[in-house]
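All of the numbers you see were taken from the coordinates with simple rules; none came from a lab. As the structure is a prediction and not an experimental result, all values here were calculated from the model. Here the Cβ positions follow ideal geometry from the backbone for every residue, glycine too, while neighbour counts run over all protein chains shown.
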């Protein structure tokens, strides 16, 4: 297409453009990278010097003229656009935003507090072997303590022989204690770690029990770590978690197969300040955790010499901590999927 043809046809088509979209398409057609006028300029390399000067000058002049025509037509189209008035009194459409789950919030708070005290956050698999979930924690097959956990055992997959590790049966972990075993096997002293995660038990659901739940365990081991260290750490944690400087911690004897001695940890009721309420069953105290000094058999299972190391372990339920802090009456609400519950947090 020659310069004269471009000049004539382009002006006619620009004048007929009815909207900005059509105008933009015409601009690309004539002035774009592969437009008609650009093709003319590309062809100059094959012409004589005199023709290059003449046609090049005319093409540049036409480009400038077409730019002006495009701008004039654009301004005309913009002026003719009918703008509909906006009624600012009409309520806007609310944008729905997500909510962080209360368990995630509580877990983050717990992790922040322990991280500030120098604890490392560790994770482990939810599918475990019998060794890590029971045997290494001083719970052999014939131990009556196994009755404390109603376990989800997994059927072996014949198509995947690597699933069976050292002929160990697989299961969904019943507690997060196996993470402590993994961690001790791969780290040297001193150890200061926490391991939050999901656990599974085959039991009926009610207001305070569920077949899946989140647990939080901690471990601190060195040559001379004592229960005095434990009480200081756990007291500092609960005071910060419930934001109560006067919160009291009570430790009484209990039994857990992987610690000796075993302890039950109670706190003064953060809701009634020990005056008596339904939460603490009018006793002023709430049981919140199990703990104790790591059993020598557990140290032997990971290759530590119990004569030269000692430490404490503790564990508690994350849902229970959330229920106490936010006055949640039923543990099943956490997995209900009810947005009315989630939106409160």
remark   = Placing each pseudo-label 7 Å from Cα in the direction of the beta carbon, residue 244 and residue 131 end up separated by a distance in nanometres of 4.4
Packing-based exposure ordering (other Cβ within 10 Å, fewest first) of 202, 30, 36 = 202, 36, 30
key: Cα→Cβ-extended label distance, 7 Å offset, between residue 69 and residue 146, nm   = 9.1
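Averaging sequence separations of C-alpha pairs under 8 Å and six or more residues apart, then dividing by the length of the chain, give the relative contact order as a whole percent.
Relative contact order of the chain: 15 percent.
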key: Modelled FRET efficiency - R0 45 Å, residue 57 with residue 81, Cβ distances, 0.05 increments   = 0.75
request  = Would you please put 296-308, 264-276 in order of how densely packed they are, using the mean number of other Cβ atoms within 10 angstrom per residue and starting with the highest?
outcome  = 264-276, 296-308
key: Translational diffusion coefficient (Stokes-Einstein; Kirkwood radius from C-alpha pairs) of the chain at 10 °C, 1.306 mPa s, in µm²/s   = 60
inquiry  = Suppose each label sits 7 Å from its Cα in the direction of the beta carbon; what would the residue 42-residue 332 distance come out to in nanometres?
reply    = 7.2
Footprinting exposure proxy for 179, 78, 288 (fewest neighbouring C-beta atoms within 10 Å first) = 78, 288, 179
ask   = Could you give the Stokes-Einstein D for region 3-80 in µm² per second, using the C-alpha Kirkwood radius, 10 °C, 1.306 mPa s?
value = 121
